[in-house]
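Engineer: Take a look at this one; I'll ask things after.
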Amino acid sequence: MLGLLRRRGFEVARSEDEAHIIVVNTCSFISSAKQESLDTILGLSKMKTDGACEKLVVTGCLPQNFRGENMHEALPEVDRFLGTGEFAKIADVIDDLYGGELVLPPVGDPEATFEAFSQRERSGPLYTSFLKIAEGCNRTCSFCIIPQLRGAQRSRSMKDIIAEAVRLGSEGCREINLIAQDLTSYGEDLPGRPKLAELLRELVQVDGIEWIRLMYNYPDKFTPELVDLLGSEKKIVKYLDMPIQHADDTVLKHMRRNTREKVIRDLMTRLRRDIPGLVLRTTFITGFPGETDEQFEKLVDFVEEYEFDRMGAFAYSKEDNTPAGQMDGQVAEGVKKKRLARLMRVQQRIARDRSKALVGKTLNVLVEGPHPESEHLLAGRTEGMAPGITATRSRTSAASSSPAGSFR
């Protein structure tokens, strides 16, 4: 959207209070994300009286989630809503708003696919970039509304992805992080059904790119071929993000995860055995409907056994229009949070021990620039550290003499 607006002649403001147009791109995955989006919208709407704001546009998952409701009555401060598949309309919509259009069309279906990214404007540092290879999801996890928000899976062509990677490499990007709602199902919807492994073999040939990171992989489709590539290709970093969600077969079945404990255990064992130094990241849900004390203890034992380097956990969030939200056996909020706290205490000890084991070792580091606390230090990440994702607002960038993006 930034790129499309820039090409239409709009400029990015330095701050919200200077902006004539504010675009809020929202999340709506779980209740806390909805609330954060609403709080942000209402907070920025004050810029219409306290700042220079003339038009407020809300895009993304929140409008998509509530597309059947009258959002204009609920949020009269907003001039226009656009869903997840309507990002390409952003410049036309703003032109229409200034042209006096009074029609407020409904949010459309989430059917668009990112193609070519020829207009993409990167808001982060030049040396690293996320590269989306598919949009949407064909899975039916009982707790998740992503297919409703993002639609069915729509993979980008290999040619299109490679073209973007080549462009990123030529611009100074050294790390690309492959993302999709379901990375391991890439290509299943394309002619010839190309696989993720085929795409990776092409990406490792791209000049300039030094690190390729795989984000959001499902265990049931992480093939032996992918394990071999992860272990043998130098450009594919020894880091794997694989949300598992639980370790008990009954809970996994109720979650509709299409996998079972043995499949997960077999894969974890092979990954640890065949790829020394692999950094494993995962996520789990505590307090899923029907989860018993015994099933939770099984999850704790699983985490202690496999010692994940990075782990996130979430108390189950009951979402409307999901099968899990209608299930019997909803777990009390206090129990969900108590289990979450205990699981994270276990993980904190594991993460501390694994971090201590790195002391004294020499590691390859992507330098990100001067350390924020001292001009005499540099900050950087090892390949076992994915770039952080934070809530960002449009900002300007300036040239720097720091060695950001170099390897040490």
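Engineer: Could you pull out every residue, at least 5 positions away or on a different chain, whose amide H is within less than 5 Å of the one on V279? Hs are placed 1.01 Å off N in the peptide plane, and Pro or chain starts have none.
Structural biologist: Y239, L240
Engineer: If you count, for each residue, the other Cβ atoms within 10 Å and average over each peptide, how do 262-275, 356-369 line up from highest to lowest? Working shown, then result.
Structural biologist: Numbers: 262-275: 15.1, 356-369: 12.1.
The densest-packed peptide leads the list: 262-275, 356-369.
Engineer: Using the beta-carbon distance between V359 and K132 and R0 = 25 Å, what value does 1/(1 + (r/R0)^6) give for FRET efficiency, to the nearest 0.05? If you can, show how the numbers build up before the last one.
Structural biologist: On the way: r = 36 Å, r/R0 = 1.45.
Once rounded, the FRET efficiency stands at 0.10.
Engineer: Suppose a student asked you for the relative contact order of the chain, using Cα pairs under 8 Å spaced at least 6 residues apart; what percent would you report? List each step's numbers first, then the result.
Structural biologist: Details: 685 pairs, mean separation 50.2, N = 408.
For the chain, the relative contact order is 12 percent.
Engineer: Structure shown: which of K34/K132; K159/K262; K132/K361; K337/K361; K238/K337 lie over 27 Å apart, alpha-carbon to alpha-carbon?
Structural biologist: Details: K34/K132 23 Å; K159/K262 37 Å; K132/K361 33 Å; K337/K361 37 Å; K238/K337 32 Å.
Distance filter (> 27 Å) returns K159/K262; K132/K361; K337/K361; K238/K337.
Engineer: At what distance in nm do the modelled label points of N70 and D274 sit from each other, each positioned 7 Å from its Cα along Cα→Cβ?
Structural biologist: 5.8 nm
Engineer: Suppose a student asked you for the relative contact order of segment 2-98, using Cα pairs under 8 Å spaced at least 6 residues apart; what percent would you report? Mind dumping the intermediate values first?
Structural biologist: Details: 124 pairs, mean separation 28.0, N = 97.
Reported relative contact order: 29 percent.
Engineer: Then there's this: Looking at segment 2-98, what % of the alpha carbon pairs are farther apart than 20 Å? Can you show the working numbers first?
Structural biologist: Values: 1598 of 4656 pairs.
Tail fraction, whole percent: 34.
Engineer: Out of the DSSP beta bridges found with both residues in the chain, what percent are antiparallel (nearest 5)? Mind showing how you got there, number by number?
Structural biologist: Details: 9 of 39 bridges.
Around 25 percent antiparallel, to the nearest 5.
Engineer: With no other cysteine's Cβ closer than 4.7 Å, which Cys residues of the chain count as lacking a disulfide-compatible partner?
Structural biologist: So far as the 4.7 Å Cβ criterion goes, C27, C53, C61, C137, C173 stand without a partner in the chain.
Engineer: About its Cα centre, what dipole magnitude does segment 2-98 give when the only charges are +1 on Lys and Arg Cβ and -1 on Asp and Glu Cβ, stated in debye to the nearest 20?
Structural biologist: Details: 11 positive and 16 negative charges, 63 e Å.
Computed charge dipole of segment 2-98: roughly 300 debye.
Engineer: So which aspartates and glutamates can K356 reach, going by Cα to Cα under 16 Å and dropping same-chain residues fewer than 8 places off?
Structural biologist: Straight-distance partners of K356: E307, D309.
Engineer: State which helices in the chain qualify, where a helix is a whole DSSP H run, it must extend 24 Å or more along its own axis by its Cα atoms, and its mean Kyte-Doolittle hydropathy must be at least 1.0. Show your work: numbers first, answer last.
Structural biologist: Numbers: long enough: 333-356 (34 Å, -1.32).
Passing helices, by number: none.
Engineer: Measuring from a point 7 Å past the Cα of F314 along Cα-to-C-beta, which residues in segment 1-43 have an amide N at less than 19 Å?
Structural biologist: From segment 1-43, the list is 25-40.
Engineer: Could you let me know the centre-to-centre spacing of segment 159-179 and segment 184-218, using Cα atoms, in angstrom?
Structural biologist: For segment 159-179 versus segment 184-218, the Cα centre distance is 12 Å.
Since every read-out is calculated from the coordinates, none of them should be taken as a lab result. Given the structure is predicted, the values throughout are model-derived calculations rather than measurements. Don't worry about glycine lacking a Cβ; one is built from the backbone with ideal geometry, like all the others, and counts go over all protein chains shown.
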